[in-house]
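The structure under discussion appears below in the form of structure tokens.
The values are calculated or read from the model by the stated rules, or taken from the named source; none is laboratory data. What you see is a predicted model; the values in this text were computed from it and never measured. We place every Cβ from the backbone using ideal geometry, glycine too, and count neighbours over all the protein chains shown. Heavy atoms of the whole protein, side chains included, go into the accessibility calculation; ligands, DNA and RNA do not. Shrake-Rupley method; radii C 1.70, N 1.55, O 1.52, S 1.80 Å.
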Amino acid sequence: MTTASAEKTAENGAGEEGYNFAYLDEQTKRMIRRCILKAVAVPGYQVPFGGREMPLPYGWGTGGMQVTASIIGHDDTLKVIDQGADDTTNAVNIRRFFARTAAVDTTEVTAEASIVQTRHRVPEDPMTEGQILVYQVPQPEPLRKLEPREIECRKMHAYKEYGLMQVSLYEDIARFGEIATSYSYPVMVNDRYLMSPTPIPKFDNPKMHDFPALQLFGAGREKRIYAIPPFTKVKSLDFDDHPFEVQQWEENCALCGAEDTFLDEVILDDRGGKMYVCSDSHYCARRRAEGHRGTLSDSAAAAYAAAVGAADRPSEDGESAEWVT
Amino acid sequence: MSPLMRVHSLSHAFGNLLACSDISFELHGGEVLGVVGESGSGKTTLLNCLSARLTPTNGIVEYDLRGRGLTDIYTLSEPERRLLLRTDWGVVTQNPRDGLRMGVSAGGNVGERLMAVGARHYGEIRQEAEDWLSKVEMDLGRIDDAPKHFSGGMQQRLQIARNLVTKPRLVFMDEPTGGLDVSVQARLLDLLRGLVRELNLAAIIVTHDLAVARLLADRLMVMKDGKVVETGLTDQVLDDPHHPYTQLLVSSVLQV
Amino acid sequence: MYVAVKGGEEAILNSHKLIAEERRGDPAVPELTLTQIKEQMQIAVDRVMTEGSLYDRDLAALAIKQAQGDLVEAIFLLRAYRTTLTRFGETLPIDTAKMAVRRRISAAYKDLPGGQVLGPSYDYTHRLLDFALAAEEGAGEPQAEEAAETVAEAMPRVTEILNHEGLIEEEIALNDEEPVADLTREPMEFPADRDMRLQNLARGDEGFLLALGYSTQRGFGGNHPFAGEIRLGEVAVEFAPEELGFAIEIGEITVSECQMINQFAGSAERPPQFTRGYGLAFGHCERKTMAMALVDRALRARELDEVIEYPAQDEEFVLYHSDNVEASGFVQHLKLPHYVDFQSELQLIRSLRRRHTEETLEAAE
């Protein structure tokens, strides 16, 4: 109980003055790591944990941050994305937080990161064994929309009573002719626990299955942690005669020409003009650096990149990313 | 033949108030037992104790579980009881709101039990739902409508279909025709009588309405102040009541 | 060309500069000092300490200044700071019966041992804007006169008076063996025991509790409350270091306390008697403690075998939504980008509309 005062002086000499390495005190980190171990041992099960107040608001990634803060070390390299992009305000802000409190290296290159913290996307580039993907979770309970009561939800998980979830999919097909859930699409993990994949688009669901990297999920406000260990079965719910399908676009990425990525719609004017670009900003920039081109001319693409501050910009730790042309 | 359900010395008290006291009986497969008495006589408490939804203060409720034989249902774990309630048993409540999901379509309501036990083929689930909706004489055009828009009689028929879809052997009914118009009641009773015979269902029906009891029940239990005062074959009890309370009950309603 | 907004670090830094400029306001006006806030905005400071769960007037004043007077934001700042503090141990429970009372009123008895002490209160002020305060020279140095007699030393709590006759339930912890729950260390669990509920309410948003407490009075709940006693004053904080083996006084804090007395008709297990609702807050937060006491009582429905039918009785509803740091964060997180989800919904609605058109056309043929 008295060790924390020693911890408070940032021993690494690099973190924020007056705060421990990666903000949380070591006791809290140990508590969270124990919860993570439990979560890994019971894939898909929501482990309650004593979530702490973080200096960012609830709903802005406090759960993911606590998980990251508990597992990050001096040698780690961190990538933070929001909506697939490294340069959205919230991603920048969280990356700044760890650069400031933990003084770790940051990167935008998926393959270089040892930890990737994400909100709403799984990176397009494959992740490998040894990497960790940390998801920020606003609502960990996949049954919440059907059953607002926590006590009843926990019973349904404990008894594996998931008929009601299937009813909601049935209702979609009866009403719309298809399962009208496009994100937060529920999955069964390891044939046992129903799990919310967080609001990633269902496009990303198949990536979770048999994923080589460890997937950790942190919900700060709801104080739950859950996990998918590497190479675990993750199945999106469906019907035999209405199998799970992912979104498809008729268009390709206007910048890099990719045909198989999740695309953001970019409104060009107020007369319905639009184009589509990869939501994963790093993936798109890398492909362009490799010479891939979409329909947009080079000069227009450069103008776009300059406007969104996406590609041709040094990352904030001052290192120019290698793939930038 | 061993009974489907055996009840021994069942009592339940709410604090000092003894709601039902020392009740014993046996129920065989395909048999319909009517429990009659005025409101406050402990009928509903008894039904809740029998259907694994209220742990009795005293006594034993045994049920012939598939593959396990007669088993005290209160020795089962909660998930086992919940599974029993949505597979081998059915519960039809007086207020359809308690027994239906009012915002889920009729088809979804019927299909829920199938999906709960693992059905994953939309077309087959829907076909089964349609079959059951026709069996309870519902318009198939309403299959995608939510029961909140249905009449009381239709809601009750839907509740029955929703319960029977897993082919239960025992159904508990609490005033299944209560609150309905007389003509609607008559149609529903006809339907219930037909289904019970056709499916060889056992049922325990709680009602204050002796006409319902006469139409549906093979045997009757008459309750007063939490106690059973008279039992016997339905015709016997209604045509030749022995206990003064039964006599009063019978004489206070029009003969049917 | 119009492009989607994807801000970067620079935008964030600029935004910080802008808000700092706004906070400072006109530089011709002298800057507010923490001492001024601490001394002249005491009730704001008290609320921030209470809901921020940290008794520190200086830090609360700093938080209020930093948040430009936005108390919910100030509470958040204090909480985020609090979470990094080392815990040395737990104090003994404070004893409000030994409070140095500055204000003590009971609505249940006209007179009672120790008497009614009105103390500092806005209750009987006329709510007329006092333009004297607006004058250049300000409020001056108002001085209350000293009372002819000192406040009684013995000031038994009203609930104890009722307790002598057995008219009110005894205040006993359900299980004294168990350590008191601590929401700052462990997640909420349901059903929640009273210790956890009270801690949640003490940290809970005053506005939310006020509305809920009010709802129980208007008919969404039926507790028939009496303000048994409200008191304000200073209590000693005692700590028993393990090395020492006995308790020592480590300081003094100001608290407001409210004990509500409520009718109770009795149940199978309990005879008819009065029941309690309890509210406690740091500093002068009387409204908060009254609302808290009403909600505490309403939340005891399960324990007292009452039918749970109103929002204030529903513990999952109340406890999950009372925390303004959580609520404010989650409501405002809607400002974060949701393009990916929105894009998914766009795709879906286009596909549904296409299907709808096709079906309509088919039907027309």
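Couple of notes before you dig in:
- Sequence-separation-based contact order of the stretch C:121-242, relative, with Cα cut under 8 Å and 6+ spacing, percent: 17 percent
- Heavy atoms of B:D240: accessible area, 1.4 Å probe, square angstrom to 10: 90 Å²
- Label-to-label distance, C:L128 versus C:R302, with points set 7 angstrom from Cα along the beta-carbon direction: 5.2 nm.
- Mean Kyte hydropathy of -1.0 or more with a Cα span along the axis of at least 30 Å, helices from DSSP in chain C: C:339-364
- Remark: C-alpha extents of the stretch B:96-167 on the principal axes read 30, 22, 20 Å, sorted largest to smallest.
- Taking amide hydrogens as placed 1.01 Å from N in the peptide plane, the amide H of B:I23 sits under 5 Å from those of B:S9, B:L10, B:S11, each at least 5 positions away in sequence or on another chain.
- Length-normalised contact order of chain C in % [C-alpha pairs under 8 Å, at least 6 apart]: 17 percent
- Charged side chains reduced to their Cβ positions (Lys and Arg at +1, Asp and Glu at -1) give chain B a dipole of some 620 debye around its Cα centre.
- Ignoring lysines fewer than eight residues from A:K274 along the same chain, the ones with Cα atoms less than 25 angstrom from its Cα are A:K202, C:K6, C:K335.
- Rounded to the nearest whole angstrom, the semi-axes of the ellipsoid equivalent to the stretch C:12-82, taken from the Cα gyration tensor as √(5λ), stand at 21, 16, 8, largest first.
- Residue with peak Gaussian network fluctuation, chain B [Cα springs, cutoff 10 Å], from B:T93, B:T75, B:T231: B:T75
- Sorting C:F342, C:F88, A:F21 by accessible area puts them as C:F88, C:F342, A:F21; the probe is 1.4 Å, largest comes first, and only protein heavy atoms count.
- For the protein assembly as shown, the solvent-accessible area of protein heavy atoms averages 47 Å² per residue (probe radius 1.4 Å; ligands and nucleic acids excluded).
- Where trypsin sites (Lys or Arg not before Pro) fall in DSSP loop in the stretch C:168-252, at most 11 other Cβ within 10 Å: none
- Three-way shape label, chain C, alpha-carbon gyration tensor, a/c 1.5: oblate
- Most fluctuating residue given options C:L129, C:L71, C:L112, as computed from a GNM of chain C linking Cα atoms under 10 Å: C:L129
- Residue with peak Gaussian network fluctuation, chain C [Cα springs, cutoff 10 Å], from C:F282, C:F76, C:F190: C:F190
- In this structure, the amide hydrogen of B:V35, modeled 1.01 Å from its nitrogen in the peptide plane, lies closer than 5 angstrom to those of B:I205, B:V206, B:T207, B:M221, counting only residues at least 5 positions away or on a different chain.
- The protein assembly as shown, helix-only ellipticity at 222 nm - DSSP H runs n ≥ 4, -39,500 (n - 2.57), divided by all residues, nearest 500: -10500 deg cm²/dmol
- Helix B:182-198 axis versus longest C-alpha principal axis of chain B: approximately 90°, rounded to the nearest ten.
- Shape of chain B, Cα gyration tensor, a/c cut at 1.5: oblate
- Share of carbon and sulfur in the accessible heavy-atom surface of chain A [1.4 Å probe, %]: 50 percent
- Accessible area of C:K335 in the full protein assembly, 1.4 Å probe (Å², nearest 10): 140 Å²
- Under 5 Å between amide hydrogens, built in the peptide plane, is the criterion, and for A:Y23 it picks out nothing among residues at least 5 positions away or on other chains.
- Projected-area average for the stretch A:1-247 over all orientations - Cα convex hull basis, square nanometres: 13.5 nm²
- Global geometry of the stretch A:35-145, whether rounded, prolate or oblate, following the gyration tensor of its Cα atoms and the 1.5 cut on a/c: rounded
- Computed with a 1.4 Å probe on the full set of protein chains, the accessible area for B:R187 sits at about 130 Å².
- Inter-label distance, B:Y74 to A:H74: 6.4 nm, where each label sits 7 Å from its Cα along the C-beta direction.
- Stretchable slack from A:D191 to A:V246, in nm (0.36 nm times residue separation minus alpha-carbon distance): 17.7 nm
- Pairs of Cα atoms farther than 16 Å apart, the stretch B:176-256, %: 53 percent
- For the stretch C:12-82, the fraction of 1.4 Å probe accessible surface lying on carbon and sulfur atoms is 55 percent.
- Those residues of the stretch A:19-43 for which accessible area with every protein chain present is at least 30 Å² below the isolated value (1.4 Å probe): A:Y19, A:Y23
- Size of the A/C contact, given as accessible area buried on both chains, probe 1.4 Å, in Å²: 5400 Å²
- Of B:T177, C:M41, A:G273, farthest towards positive along the dipole that unit charges on Lys, Arg, Asp, Glu beta carbons give the protein assembly as shown: B:T177
- For chain C, a crude dipole built from +1 on the beta carbon of Lys and Arg and -1 on the beta carbon of Asp and Glu, taken about the Cα centre, is about 1020 debye to the nearest 20.
- Folded to 0 to 90 degrees: helix B:152-164 orientation relative to chain B principal axis, Cα: 90 degrees
- What you get for the protein assembly as shown, charging only the Cβ of Lys and Arg (+1) and of Asp and Glu (-1), is a dipole of about 1940 debye around the Cα centre.
- Total accessible area lost when B and A pair, probe 1.4 Å, Å² to nearest 100: 1800 Å²
- Stokes-Einstein D for the stretch A:242-301, Kirkwood Rh over Cα pairs, 37 °C, 0.692 mPa s (µm²/s): 269 µm²/s
- Relative frequency of Cα-Cα separations exceeding 36 Å in the protein assembly as shown, percent: 62 percent
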